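Have a look at the structure below, then the notes.
Read-outs throughout are calculated quantities, based only on the coordinates presented, and are distinct from any laboratory measurement. Keep in mind it's a predicted model, so treat the numbers as computed, not measured. FYI the Cβ positions are ideal-geometry reconstructions off the backbone, even for glycines, and counts take in every protein chain you see.
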Amino acid sequence: MIFIAAAWILILLVGGGYALDRVLSTAITRSFDEQLDYLLTSMIVSAELGPNGEVVLNRELADQRFLEPNSGAYWQISGKGFEPFPSRSLWDRKLRVDQVHDDRDLHIYNSDEFVDTGPRTLERDPNDPGNQRLRIAERDLRLPGSPIRWKFQVAQSRETLDAQIDALRRTLVRSFALLGLGLIIMVGLQTWYGLLPLRKVRSEIARLRAGKSKRIEDRMPAEIAPMVEELNALVEHNDRQAEEARRHAGNLAHALKTPLTVIMNAASAGSDDLATTVVREARTMRRQVDHHLARARAVGRRGSAHSRAPVWPSIEAVERAVARLYPHVRIDVDGEKNLIAHIERQDLDEILGNLVENAAKYGGGSVFITVGAQAGFVEILVEDDGRGIPEADRIRIFDRGVRLDTGKPGTGLGLAIVRDVAEIYDGTVSLEESEDLGGLMVRLRLPAAN
């Protein structure tokens, strides 16, 4: 982030500095040229014809530099057939004249060319006009009464102009360099300060891993507060899963302890019905293991945010399986076919399998399944035409191992598994009386995924 910001700042400052340099340099040069134009106009206004047709000035220009040799300010009037009329500051030099070039309009240009009319010393004098870079303004015109086209020239040394432009550029470079450095430092401080909360989060996560805290308690900026809340929710979710795993392990150990004690006592006493006892208690242990495994699988899959199961295909699969087990039972299905529940397909099959099988087993031969949506939930109603369950037993029936009809085979864990798995996915299951069939109606509600 700092490198990209610094590169972008440098690009903008270089581009802006170059553009500003062009604008200000042009403004300084234009001001310099306006001064030359003013001097040239003053010289033209002062010009008149002499007795021999030459050009003379009726008054000297106000700038004292035109009278001082090699002063850096010069003027010259040239005409075809006449010797050039120079300022005293030119001394023994002359400005180069291009008579072919027609300068009826103002013409300003840079030049360092002089016509040398006197001896030159081998040693170059920096104040010698021949060594000076000049900026020249010239104009051609005809004076009244003269057939000759005269060229009026005013020249000044570029030393002052170049010094002003150089000073401007030094100021721009220093100012923009200081500005760029300040902006880069500001970007660095802003990035460091902006990422400081993430370093705090990292420290808090390290404390969580070390067991020094259970959640991130420090207040964070609004930009990362949602992330911290999600982290805390994730930690709490993992803690709940770990606690559920410990509780399931304890419950399973407690459930298996009694059957194992009975088997050990029967074996130690050399009981004659040892085999029968082992089979009976083994079945009990198997029921307990199946129940806890089903709940553990559901808990493990609950954390998936992509848990989605189409309800209608699951109902059709369960219907086909139960129909083969109970061919004399009629199963009817009605409702919306495009509903999707927030649950794993395997768990949905297990819940519906228990409910539909119970309805077929304990009903009178008719089972009716209705699928609908209500307030963000998928609602599945399973009704049968059996004797139903008394209202006083509708809560107790969900306990593990409770069976109201002991005349038919079963483990007494079906509804307990249904309730536990439904609650894992934030769903509910309740028992009611069927108004249409007169038997039991099970109302299963699961969060909708669509």
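Can you grab the distance from the C-alpha centre of region 49-84 to the C-alpha centre of region 248-264, Å, no decimals? Measuring centre to centre over Cα atoms gives 126 Å. Between helix 414-424 and the chain there is an angle of about 20 degrees, using the helix long axis and the longest principal axis of the Cα atoms. When the helices of the chain are scored as -39500 (n - 2.57) per DSSP H run of n ≥ 4 and the total is divided over every residue, the value at 222 nm lands at -17500 deg cm²/dmol. Among ALA242, ALA62, ALA155, which one shows the highest mean-square fluctuation when the chain is modelled as a Gaussian network with alpha-carbon springs under 10 Å? Its mean-square fluctuation being the largest, the pick is ALA62. Under 18 Å of direct C-alpha separation, and excluding same-chain neighbours fewer than eight residues apart, LYS151 reaches these lysines: LYS80, LYS94.
May I ask for the net charge around ASP140, where only other residues with Cβ less than 14 Å from the Cβ of ASP140 are counted and Lys, Arg are +1 while Asp, Glu are -1? Display every interim value, and only then the final one.
On the way: positive: LYS80, ARG104, ARG139, ARG142, ARG149, LYS151; negative: ASP98, ASP102, ASP103, ASP105, GLU138.
Around ASP140, the charge tally is +1.
Of the labelled figures [x] 73, 60, 40; [y] 158, 51, 33; [z] 158, 47, 41, only one reflects Cα extents along the principal axes in Å as derived from the coordinates, namely [y]. The antiparallel fraction among DSSP beta bridges confined to the chain stands at about 90%. Between 0 and 90 degrees, rounded to the nearest ten: what's the tilt of helix 2-46 against the longest Cα principal axis of the chain? With rounding to tens, the tilt is 20 degrees. Projecting the Cα atoms of SER87, TRP75, PHE3 onto the charge dipole of region 2-165 (Cβ charges, centred on the Cα centre) puts PHE3 farthest toward the positive pole. Angle, helix 311-325 long axis vs. longest principal axis of the chain, Cα atoms, 0 to 90°, nearest 10? Around 20 degrees separate the two axes.
To the nearest 20 Debye, how big is the dipole of the chain about its Cα centre, given +1 on the beta carbon of each Lys and Arg and -1 on that of each Asp and Glu? If you can, show how the numbers build up before the last one.
Working: 59 positive and 65 negative charges, 290 e Å.
Using Cβ point charges on Lys, Arg, Asp and Glu, the chain gives about 1400 debye.
Check cross-link reach from LYS214 to the aspartates and glutamates: straight Cα distance under 20 Å, and skip same-chain residues fewer than eight apart. Cross-link targets: GLU204, GLU229, GLU230, GLU236, ASP239, GLU243, GLU244. For LYS361, the lysines whose Cα comes closer than 18 Å to its Cα, not counting residues fewer than 8 places off in the same chain, are LYS408.
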